[in-house]
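Chemist: To start, I am sharing the structure in question, which I have written as structure tokens.
The values are calculated or read from the model by the stated rules, or taken from the named source; none is laboratory data. Values in this document were obtained by computation on a predicted structure and should not be read as measured data. Cβ sites come from the backbone with ideal geometry, for glycine too, and all protein chains shown count toward neighbours. With ligands, DNA and RNA removed, areas are computed over all heavy atoms of the protein, side chains included. Shrake-Rupley method; radii C 1.70, N 1.55, O 1.52, S 1.80 Å.
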Amino acid sequence: MRKSGIVGWGAYIPRYRIRASEIATLWGWEPGVPHGLGVEEKAVAGVDEDAVTIGVEAARNALRRAGVDPARIGAVFFGTESKPYAVKPSATIVAEALGITPNTMASDLEFACRAASEGMRAALGLVESGFIEYGLAVGADTAQASPGDVLEFTAASGGAAFVLGPAGDSVAVLEDVYTYVTDTPDFWRRGLSPYPAHGEGFTGEPAYFHHIESAVRGLLEKTGLRPSDFDYAVFHQPNGKFPLRVAKKLGFPREKVLPGLVTPHVGNTYNGSALLGLARVLDQARPGQRILVAPFGSGSGSDAYSFIVTDRIVERQILAPRVDDYIARKTYADYATYAKMRGLYIRTTF
Amino acid sequence: MRLSPAMLWRTRIPRYRLVGRECLECGRRHYPPRPVCPHCGSRRLRDVVLPRTGTVETYTVIYTVMEGFRDRAPHVIALVRLDDGTRVLAPLTDVDPSGVSTGMRVEATLRRIRVDGDTGLIGYGLSFRPLMEPRQGASK
């Protein structure tokens, strides 16, 4: 066991949803495509929301659970690929809104969907080295997809946040972590391009599967653990099918994956994706259980973490809304309203 | 609609954290913070973090919105009485106007209030949305 862990966790999912079937009808996709992706509907940020406001909501919930004075947080890492400003940190807005400023590190990280996970690793390392007492890692996105692209079925809005701190105050202590990255061009967005491009089938085997499998196998080899030692397995979830397939390849049964599978209900929230899954697992985990979580980011890389749940978790589960509360709270939007919310109309200022 | 960096910077703490003022003479609170107590005229004030939950006292629905707010229309503005009694005027979000009623419970949230075109600043600030209470007991 290491000397750091998760002290508090928080989720946020915007209220609005659009059904995948509505997107399929509008763009003339074969009706079975959304089912093939394992996604029924996706969460859509309201017109006054963005990655920063989503991140603040999730982080506020994480702080409520952690019960830590915000001034004791010494690092804020914000992982997103939907930065409201290309230049001007989102992390400082989050830190200011939550009363963490001014005595803190703060920066935005970019590694496609894995940036927030790198933020977790960095914060855990800073805690263990004694540089900071607590750190905050936030993953939030209002994921972009070109209208009509297959990505539009899944690209969703939401986020999760974690207060990281000493093992003695943790609800889930870090047992170990293993990271695997290479230069793999599976998904990208150039500077002034509004929508990402992707390598179609290339996003699967050489990217998602190779990196997650390598990270998880690396962790198992390093720790001597086996899939049967884990009670939950959470993977990055770009759709509803990939996490179940990678679990099968690694030897994790479906029942250990389903508790942390949120994409079928809310879509792929990019930096929120696997971390919302982790939050949903923490919402229901019991002391002594072991959790595997393996976020993935295109470009490409994956971190495989093993966490052991402590006795403190039960009292903190009720301190903030759970992922399922947000999944259940929803208002459907039609495509025209969704297009307004996501700024898809070309308009002059009114 | 140009957003001034100085204005956004000066007002960020009250807008981000719902910080108001309490009068050291009459004990009453107000928001947003002013240099003089609006209730008794005293200048002896202290900053206070106000409660984030409250009740809608009254509201109006604006269809003829100001420039820059067409994508918010119809825009609901409410007078919210916070749980400590402080009254706050702010937008309601995540609601359809037909779903708003006096007496509804709301909570403060940070949202985009104004956006200065495609190249200017984004003004974040206070909105209220329907209250979401954490449920008791464990989930399945």
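Chemist: Looking at A:D141, A:D149, A:D108, which is the one that is within 23 Å of A:R342 (Cβ to Cβ), open to solvent by less than 30 Å² (accessible area, probe 1.4 Å) and charged (D, E, K, R)? Even if it seems obvious, please write down each step before you answer.
Modeler: On the way: A:D149 fails: open to solvent by less than 30 Å² (accessible area, probe 1.4 Å); A:D108 fails: open to solvent by less than 30 Å² (accessible area, probe 1.4 Å).
Step by step, each of A:D141, A:D149, A:D108 is checked, and only A:D141 is within 23 Å of A:R342 (Cβ to Cβ), open to solvent by less than 30 Å² (accessible area, probe 1.4 Å) and charged (D, E, K, R).
Chemist: Just for helices (runs of 4 or more DSSP H) wholly inside region A:277-350: which have at least 1 residues that are at the interface with chain B (Cβ under 10 Å from one of its Cβ atoms) and free of Cβ contacts under 8 Å to residues at least 60 places away in the same chain? It would help to see each step written out before you state the result.
Modeler: Values: elements: A:313-317, A:323-328, A:335-341.
Per the criteria, A:313-317, A:323-328.
Chemist: So, B:P97, is that one open to solvent by less than 50 Å² (accessible area, probe 1.4 Å) and either farther than 26 Å from A:I93 by Cβ or of a type in the set (D, E) (or both) or not? Break it down stepwise before answering.
Modeler: Numbers: open to solvent by less than 50 Å² (accessible area, probe 1.4 Å): yes; either farther than 26 Å from A:I93 by Cβ or of a type in the set (D, E) (or both): yes.
Yes.
Chemist: Which of the residues belonging to region B:57-98 are under 26 Å from B:R21 (Cα atoms), within 14 Å of chain A (Cβ to nearest Cβ) and part of a loop (DSSP other than H, G, I, E, B)? Show your work before the answer.
Modeler: Residues of region B:57-98 under 26 Å from B:R21 (Cα atoms): B:57-60, B:76-93.
This time we only want the ones that are within 14 Å of chain A (Cβ to nearest Cβ), so: B:76-77, B:90-93.
Hit for region B:57-98 is B:T93, nothing else.
Chemist: Please work out if B:L24 is in contact (Cβ under 8 Å) with a residue 24 or more places away in the chain and either surrounded by 13 or more Cβ atoms within 10 Å (Cβ to Cβ) or not assigned by TED's automatic domain parsing to the domain that holds B:G103 (or both). Explain how you work it out, then say what you get.
Modeler: Details: in contact (Cβ under 8 Å) with a residue 24 or more places away in the chain: no; either surrounded by 13 or more Cβ atoms within 10 Å (Cβ to Cβ) or not assigned by TED's automatic domain parsing to the domain that holds B:G103 (or both): yes.
No.
Chemist: Okay, next question. Counting only residues that are part of a strand (DSSP E or B), more than 29 Å from A:D176 (Cβ to Cβ) and within 13 Å of another protein chain (Cβ to nearest Cβ), how many does region A:1-29 have?
Modeler: Applying the first criterion (part of a strand (DSSP E or B)) to region A:1-29 yields A:4-12, A:16-19.
Right, trim to more than 29 Å from A:D176 (Cβ to Cβ) and you get A:16-19.
So of that shortlist, the ones also within 13 Å of another protein chain (Cβ to nearest Cβ) come out as A:16-17.
Here the count works out to 2.
Chemist: For region B:116-132, which residues satisfy the criterion of being assigned to a strand (DSSP E or B), more than 26 Å from A:R329 (Cα to Cα) and more than 9 Å from chain A (Cβ to nearest Cβ)? Working first, answer last.
Modeler: Filtering region B:116-132 for residues assigned to a strand (DSSP E or B) gives B:122-130.
Next, only the ones that are more than 26 Å from A:R329 (Cα to Cα) stay: B:122-123.
Matches in region B:116-132: B:G123 only.
Chemist: What number of residues within region A:194-216 are in contact with a helix residue (DSSP H, G or I) (Cβ under 9 Å, 6 or more places away or on another chain), open to solvent by less than 20 Å² (accessible area, probe 1.4 Å) and outside any loop (DSSP other than H, G, I, E, B)?
Modeler: Final tally of qualifying residues: 5.
Chemist: Tally the residues that are more than 16 Å from B:R72 (Cβ to Cβ) and either outside the structural domain of B:L82 (by TED's automatic domain parsing) or open to solvent by 50 Å² or more (accessible area, probe 1.4 Å) (or both), restricting the search to region B:100-121.
Modeler: 5
Chemist: Continuing with this model, one more query. I'd like to check something: does region A:263-279 contain any residue that is of a type in the set (A, V, I, L, M) and open to solvent by 20 Å² or more (accessible area, probe 1.4 Å)? Don't jump to the end; show me each part of the working.
Modeler: Step one: filter region A:263-279 for residues of a type in the set (A, V, I, L, M), giving A:266, A:274-276, A:278-279.
Adding the requirement that they be open to solvent by 20 Å² or more (accessible area, probe 1.4 Å) leaves none.
Looking through region A:263-279, none of the residues is of a type in the set (A, V, I, L, M) and open to solvent by 20 Å² or more (accessible area, probe 1.4 Å).
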